[in-house]
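These notes concern the structure reproduced below.
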Amino acid sequence: MVKKYKIGILKGDGIGPEIVQAAVDVLNALEFEAEYIELHAGYEYFKKSGKAIQDGFFDAVKGLDAILKGPLYTPPHEKEFRSINVLLRRELDLYANVRPFRSYKGFSLKEFNFVIVRENTEDIYTGFEFLYRGVALALKIISYDGARRVSEFAFSYARSNGFNRVTVVHKANILRISDGLFREVFFDIAKNYPEVQADELIVDTAGYMIVKNPERLGVLVTPNLYGDILADVAAAVVGSLGLCGSAQIGRDIAVFEPVHGVALDIAGKGVANPIGELESAKLMLIHLSNKYSDRKLYEKAFVLERAIHKIVEELRILTPDLGGNSKTSDVVNSITKLIQSNNT
Ligand code: ATP
């Protein structure tokens, strides 16, 4: 019997609702058997209900197979409104944020395929900040356990996805204790993976390498802040933030969302690039395929990947961020047609 997956849907803010709907339409075209359960959180929800996250959110998440999510807005001007992204990462313990970056012919300057694995629960994102006599302090937290599990994840990801190199990114030449611990734990864990080469890059050099020689990179593992920043640099090298998706992996649940933010400047105009969200849906299919040994889902992910590349590289049905004038719906309809005509 075909398993019916229980997928939480969190549409989010800005362009979130448009691109999440696009992903659900494409998943339906792929005949992905799912029951979708809508979850509510974010700034739009806050404006309507006075709550940033629905009551019972974390109970509703129990029993789900995965969550497909749009971006959530954290208004910088409302000091009382704390980031829901950070809350979800902490409460669901989504410790590894996986962001694959693959080149597109005609958009990316070089051909490459590398992955940033970002530690997702610690570093300065714990939000411990103080102001004392005109001096502002923020705590950077790096724990042994946090560094260990994300390093283990990165090596095991490399092994199962055909990468032979994992690089730790840090600034341990300056932050000898905090980044020093992250680095040290990484090289300890590396001993358990003798078939994978382990090396290191200082974060500024990593930024340079991503732009200059992305073809030399494999899996990069980073503390939280560096991964956040480097992922946007990597997205620019791919060609657009709108092309990149991510998986946030926890012990019990995984959340899939695009690398980009809410893109308020284009929200509601029907021109958002849905591919970052579609890439996230693809990562969800691969994750569920591995978790439940469901080979069919892997095939669906592969069909989706081929359709995305065909639309961008050959048929050039492009939203304005890629220099075209297609709408979100044009991209979705074309991908859906390719899938349904088995023509990927
Ligand atoms: P956040 O604070 O949520 O990270 P932001 O505005 O700082 O949001 P993004 O939302 O990622 O950052 O947007 C950065 C730029 O990239 C904006 O000009 C936006 O329009 C563009 N952009 C982001 N995502 C997309 C997309 N899916 N399609 C088209 N353009 C996008």
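The values are calculated or read from the model by the stated rules, or taken from the named source; none is laboratory data. Please read all numbers here as calculations on a predicted model, not as lab measurements. Virtual Cβ from ideal backbone geometry, glycine too; neighbours counted across all protein chains shown. These accessible areas exclude ligands, DNA and RNA; they are computed on the full protein's heavy atoms, side chains included. Shrake-Rupley method; radii C 1.70, N 1.55, O 1.52, S 1.80 Å.
Of K105/K300; K300/K337; K296/K327; K6/K269; K69/K191, which pairs sit farther than 24 Å apart, going by alpha carbon to alpha carbon?
K296/K327; K6/K269; K69/K191
Can you pull out the trypsin sites (Lys or Arg not before Pro) in region 22-61 that DSSP calls coil and that have at most 15 other Cβ atoms within 10 Å?
The qualifying sites are K51.
When the accessible area of the chain is computed with all protein chains present and a 1.4 Å probe, what percentage of it is carbon and sulfur?
51
Tell me the per residue accessible area of the chain using a 1.4 Å probe; a whole number in Å² is fine.
It amounts to 47 Å² per residue over the chain.
Which order do the peptides 137-146, 275-284, 11-20, 319-328 take when ranked by the mean count of other beta-carbon atoms within 10 Å per residue, highest first?
The peptides rank, most packed first, as 275-284, 11-20, 319-328, 137-146.
With +1 on each Lys and Arg Cβ and -1 on each Asp and Glu Cβ, and nothing else charged, work out how big the dipole of the chain is about its Cα centre, in Debye to the nearest 20.
With Lys and Arg at +1 and Asp and Glu at -1, about 300 debye.
Taking the square root of 5 times each eigenvalue of the Cα gyration tensor, what semi-axes in Å does the equivalent ellipsoid of the chain have, largest first?
The three semi-axes for the chain are 30, 25, 21 Å.
Need one number: convex hull volume per residue for region 151-216, Cα atoms only, in Å³.
77
Across bins of 5 angstrom width beginning at 0, how are the C-alpha pair distances of region 216-344 distributed, in whole percent?
2, 10, 17, 22, 20, 16, 10, 3, 0
Go ahead and run the numbers for FRET between R133 and Q340, Cβ-Cβ distance against an R0 of 45 Å, rounding to 0.05.
Approximately 0.10, to the nearest 0.05.
Just subtract the alpha-carbon distance of S83 and F187 from 0.36 nm times their residue separation and send over the number in nm, one decimal.
Length gained between S83 and F187: 34.2 nm.
Given a cut-off of under 8 Å on Cα pairs at least six residues apart, what relative contact order in percent is computed for region 109-238?
Computed value for region 109-238: 39 percent relative contact order.
When a/c is below 1.5 the answer is rounded, else prolate if a/b is larger than b/c, else oblate, so apply that to region 109-238 with a ≥ b ≥ c taken from the square roots of the Cα gyration tensor eigenvalues.
oblate
Just from its helices, what would the mean residue ellipticity at 222 nm be for the chain, if runs of 4 or more DSSP H residues each count -39500 (n - 2.57) and the sum is divided by every residue, rounded to the nearest 500 deg cm²/dmol?
Dividing the helical sum by the residues of the chain leaves -12000 deg cm²/dmol.
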